[in-house]
Amino acid sequence: MTDKVTLALPSKGAIAEPTYNFLKDCSLKIHKPNERQYVGRIPKIAEVEVLFQRVKDVLYKVSDGTAQLGITGYDVVKENFHQDLLVIHPQLGYGHCQLVVAVPEMWADVTSMADVLDVSLDFREQKYRNIRVATTYPNMTREFLHQNGIHHFTIVKADGAIEAAPTIGYADFVVDLTQTGTTLRENHLKIIGDGIIVDSQACLIGNKRLIASSKTAQNVLRTILEHMDAAIVGRKYMQVTVNICGNSAEDIGNKLDSHDLTRGLEGPTIAPIYSAPSGSSEKWYTATLTLQSNTMMDVVDYLRTIGGTQIVATPVHSVFMPESETYKRVLDALR
Amino acid sequence: MTDFQRAKRIREISFALEQIMTGFGYTTLEMPIIETAELFLTKAGDQIIEKLFTFERYGRQLSLRPEFTAAAAYHYATQTKETVARWQFHGAVFEDYTQNGTSDYQRYSIGAELIGSNSIAADIEIVLLALQGVISQNVNGWTLKVGHSGVIREALGRFNIDARTERFILTHRNLIQDGDVSAFRTLLDRYLPTKSELSLETDDESLTQMLLATLGNGQINNTMGGRTREDIATRILRKHKQVNEREQIDDVVDLITQWTKIHGQPASAFHELKQLLPDSTLLQQWENIISQLETYGIPLEQIEIHPDLVRNWDYYTGIVFEIVDREGNSLCGGGRYDELIGLISDRVSVPAVGFAYDATALADAIKQTANVSQRLFLHAQNADSSAIWQWLHLIRQHDIPVTLLMPEQNIDPNDLQLSIDLSGRVIFNKNSYETNDIEKLIAEIRKYDR
């Protein structure tokens with residue numbers, strides 16, 4: 001019987017759907033028999049059993065060894081770090097948000113954490129009580145406030161509607177997750193400039209102990225990471241096909257290779273184009289390159305200067321490098 | 001010393017110190033082992049949370065007590081009708097003292113608090129009481145270190161800087177002390193406003209009115225996040241004033257630099273302090289306290305003045321002291337904390353001064369020459385003999401502690417031993433005793449000062 005490797009994934013919340021889409025983009029499509037079931041599988045990797053849990057429970061299940069691997073928010077991991085946890089890939093590139101300190105807009109005098117420190121002392125000296133901060137992230141909040149010299153405060157733990165706490169009156173300011181800041185603004189709160197506690201996005205985590213002790217888990221992890229790395233690298237590239245008129249394939253190759261923008265990953269592939277006799281002595285070639293997508297307009301301009309035309313750019317799905325850098329790092333961390 | 005020997009010694013110390021404190025008029029109070037965590041966090045600040053042993057019960061965060069003072073202050077504020085309270089405390093306190101991989105979670109603390117008096121007599125009494133305990137335990141080479149948090153605050157007051165700026169400077173004075181003035185200034189730049197968006201010519205009253213009007217525009221409430229518009233206006237005004245404080249920072253840094261360098265015997269230290277802070281009334285008070293200690297018989301050569309002794313500027317408000325042993329281990333620490341009761345209750349500030357011994361450190365510091373007590377054992381080789389139980393009863397009736405020696409038990413060669421012969425007589429020091437010779441036997445045992 002083959003060992004099973006359990007991958008815990010978020011069942012609901014902001015990163016659930018993006019996680020399924022991300023895995024699909026990595027050619028690791030999830031099969032979930034029906035919406036109400038908590039288990040599923042990845043048909044491409046037979047050893048993997050998928051367990052659907054809330055984002056916090058994903059972390060707990062990996063920490064306690066119920067699951068060997070999981071995808072959850074980096075904010076959740078930072079808040080509840082466990083010694084058996086290994087952050088395998090901290091930036092999967094989706095589910096971006098920030099944990100921030102936000103104070104009432106009315107606090108016109110508060111624009112920095114130094115101001116929050118000063119106001120916390122005002123509370124102690126003038127109101128004879130601690131300043132209160134509402135949050136679902138007490139550990140990171142505490143650590144961040146201490147780092148900023150704020151030691152006199154009371155944490156009000158809450159599970160939802162944190163933004164309303166200062167208006168309702170059960171806290172004076174908040175530490176909350178935000179993506180765009182809209183909800184905070186709608187609740188008359190403003191983010192403190194140097195009050196960003198963590199930049200978070202979805203991340204892949206694993207149980208160090210279980211991965212280190214299981215060859216199957218390591219093989220599954222390698223397969224998953226090969227696909228993830230390839231997909232994440234692939235996002236940065238476009239495949240470009242261009243028709244170029246030139247004297248020879250070598251001449252065109254030199255022109256493309258001599259420019260940083262068009263050198264591609266390992267240089268272009270060049271092939272002659274078959275054309276019906278038209279009396280012209282021009283020779284046409286087609287060149288195929290894998291190029292960084294963020295330079296595409298500069299690439300197009302350069303290709304035109306060397307006689308390129310009919311440029312076709314298509315997104316790259318996956319770029320498999322010589323080895324998965326992330327998997328290599330994991331093996332180093334487990335040693 | 002094994003843990004059991006230390007525990008025994010601590011119990012003896014606790015008993016002895018209780019007698020001394022009772023002699024000074026201090027009543028023993030039993031304080032709860034479990035309290036709300038907020039009580040301790042309010043006193044010491046949230047930075048101690050990682051050292052507290054906390055847990056939740058019915059939504060409340062509770063903690064094992066890490067010390068006695070906060071609970072004593074709360075007890076005074078909520079339950080006592082005395083104007084001046086003198087209390088002593090003995091018991092285990094719980095804190096995570098993990099250091100260099102070794103963990104220590106429980107210590108024995110003995111403390112005293114004098115609450116309700118602002119007199120320097122209270123300061124003197126508390127320091128004397130702390131010293132008396134150390135002296136009574138024959139600790140060799142102790143030193144009393146004394147600082148004062150009020151004196152430097154009084155001195156900084158002359159620069160007319162904001163109380164908050166003053167706190168900031170005192171909290172970060174170690175950077176100045178270490179000669180890293182540029183790091184201090186970098187921190188200060190983060191804290192002090194560098195420019196004001198307000199007209200410097202505007203007087204305070206009209207500025208406040210302007211601010212109130214501005215802050216009122218478009219706001220739905222007068223209070224948000226526990227602060228009123230007036231709170232905010234007042235603070236903007238304060239920040240506005242702080243802009244001007246930068247001009248005086250050089251002089252303040254210079255004063256702190258000199259102040260932190262002063263320490264030593266009372267005569268020389270006070271001489272230097274007087275030159276630095278002429279006309280300081282609190283400095284005179286401080287010197288007076290030391291002078292009264294000398295009157296009481298405390299040798300001046302065992303007192304050191306350390307103006308920079310204060311660690312927690314949010315807590316101590318006056319005299320601060322520490323007693324250390326020859327190796328510099330802290331045996332006891334305390335000071336005046338006039339603001340605590342106001343913070344943890346609805347009462348206005350109540351003057352208070354107190355200290356606590358670290359009984360574990362005290363037990364380790366006590367001279368090792370103390371006699372090892374001799375125990376008295378009765379051999380149980382004939383355990384079925386009724387004579388054993390008869391003799392044990394007879395001896396114990398005379399308030400002599402005696403232990404039945406089990407066949408498997410080893411004892412110290414110094415311990416005293418009784419045995420029983422086949423006729424049921426007790427043998428002690430090669431003499432045998434009948435039951436009707438009990439008085440003679442007791443008299444013989446009592447010759448040993450155990």
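Of all the listed residues (A:Asn219, A:Asn247), the sole one being surrounded by fewer than 14 Cβ atoms within 10 Å (Cβ to Cβ), more than 20 Å from the chain's Cα centre (by Cα) and over 24 Å from A:Asn294 (Cβ atoms) is A:Asn247. Candidates in the range B:59-72 are the residues that are in a loop (DSSP other than H, G, I, E, B), within 20 Å of B:Asp358 (Cα to Cα) and of a type outside the set (Lys, Arg); of these, the one that is farthest from the other protein chains (Cβ to nearest Cβ) is B:Phe68. Picking from residues in the range B:224-251 that are on the phi < 0 side of the Ramachandran plot and within 8 Å of chain A (Cβ to nearest Cβ), the one that is modelled with the highest pLDDT is B:Arg227. When B:Gly23 is tested against the conditions (1) within 14 Å of chain A (Cβ to nearest Cβ); (2) loosely packed, with under 14 Cβ neighbours inside 10 Å, the lone failure is (1). Just so you know, in the range A:98-127 the residues that are among the small types (Gly, Ala, Ser) and assigned to a loop (DSSP other than H, G, I, E, B) include one that is nearest to A:Asp194 (Cα to Cα), and it is A:Ser112. Restricting A:Leu225, A:Leu204, A:Leu184, A:Leu210 to those that are surrounded by 22 or more Cβ atoms within 10 Å (Cβ to Cβ), in a helix (DSSP H, G or I) and either at negative phi or not charged (D, E, K, R) (or both) reduces the list to A:Leu225. The sole residue among B:Thr83, B:Thr78 that is farther than 21 Å from B:Arg11 by Cβ, away from chain A (no Cβ under 14 Å), hydroxyl-bearing (Ser, Thr, Tyr) and part of a loop (DSSP other than H, G, I, E, B) is B:Thr83.
Any residue at all in the range A:275-290 that's exposed (fewer than 15 other Cβ atoms within 10 Å of the Cβ), in contact (Cβ under 8 Å) with a residue 12 or more places away in the chain, under 30 Å from A:Leu210 (Cβ atoms) and not basic (Lys, Arg)? No, the range A:275-290 has no match at all.
B:Leu378 meets all of the listed conditions (1) modelled with pLDDT of 85 or more; (2) outside any helix (DSSP H, G or I); (3) within 25 Å of B:Glu125 (Cα to Cα) but one, namely (3).
Is the range B:266-275 home to any residue that is within 30 Å of B:Gln302 (Cα to Cα) and touching a residue at least 40 places away in the same chain (Cβ under 8 Å)? Yes; the residues of the range B:266-275 include at least one that is within 30 Å of B:Gln302 (Cα to Cα) and touching a residue at least 40 places away in the same chain (Cβ under 8 Å). Scanning the range A:118-142 for residues that are facing chain B (nearest Cβ under 8 Å), hydrophobic (A, V, I, L, M, F, W, C) and more than 15 Å from B:Thr42 (Cβ to Cβ) yields one hit, A:Val119. Checking each residue in the range B:38-53 for being of a type in the set (Asp, Glu) and within 8 Å of chain A (Cβ to nearest Cβ) picks out B:Glu38, B:Asp46. Scanning the range B:332-373 for residues that are among the small types (Gly, Ala, Ser), at pLDDT below 90 and either closer than 19 Å to B:Ala130 by Cα or in a strand (DSSP E or B) (or both) yields B:Ala361, B:Ala363, B:Ala365.
So, in the range A:33-43, how many residues would count as being charged (D, E, K, R) and under 14 Å from A:Tyr20 (Cα atoms)? Number of matching residues: 2.
Among the candidates B:Glu35, B:Glu56, which residue alone is within 13 Å of chain A (Cβ to nearest Cβ) and either modelled with pLDDT under 90 or outside any helix (DSSP H, G or I) (or both)?
Going through B:Glu35, B:Glu56 in turn, just one is within 13 Å of chain A (Cβ to nearest Cβ) and either modelled with pLDDT under 90 or outside any helix (DSSP H, G or I) (or both): B:Glu56.
For the range A:143-153, taking the residues that are part of a helix (DSSP H, G or I) and more than 8 Å from chain B (Cβ to nearest Cβ), the one that is farthest from B:Leu188 (Cα to Cα) is identified as A:Glu143.
Close Cβ contacts (under 7 Å, 6 or more residues apart or on different chains) running from residues in the range B:4-17 that are modelled with pLDDT under 85 to residues that are not β-branched (Val, Ile, Thr) comprise B:Arg6/B:Ala363. Could you go through the range A:35-42 and let me know if any residue there is touching a helix residue (DSSP H, G or I) at 6+ places or on another chain (Cβ under 8 Å) and under 25 Å from A:Asp75 (Cα atoms). Taking every residue of the range A:35-42 in turn, none turns out to be touching a helix residue (DSSP H, G or I) at 6+ places or on another chain (Cβ under 8 Å) and under 25 Å from A:Asp75 (Cα atoms). Can you confirm whether A:Ile205 is facing chain B (nearest Cβ under 10 Å), under 23 Å from A:Ser63 (Cβ atoms), of a type in the set (Val, Ile, Thr) and in contact with a strand residue (DSSP E or B) (Cβ under 8 Å, 6 or more places away or on another chain)? It is false that A:Ile205 is facing chain B (nearest Cβ under 10 Å), under 23 Å from A:Ser63 (Cβ atoms), of a type in the set (Val, Ile, Thr) and in contact with a strand residue (DSSP E or B) (Cβ under 8 Å, 6 or more places away or on another chain). Taking (1) within 14 Å of chain B (Cβ to nearest Cβ); (2) touching a Leu at 6+ places or on another chain (Cβ under 6 Å) in turn, A:Trp107 satisfies each apart from (2).
Checking each residue in the range A:165-190 for being more than 12 Å from B:Gly226 (Cβ to Cβ) and facing chain B (nearest Cβ under 10 Å) picks out A:Val174, A:His188, A:Leu189.
Looking only at the range B:411-449, residues that are surrounded by fewer than 14 Cβ atoms within 10 Å (Cβ to Cβ) and within 50 Å of the chain's Cα centre (by Cα) come to 12 in all.
The values are calculated or read from the model by the stated rules, or taken from the named source; none is laboratory data. Quick caveat: nothing in here was measured; it's all calculated off a predicted structure. Neighbour counts run over all protein chains shown; Cβ positions are idealised from the backbone, glycine included.
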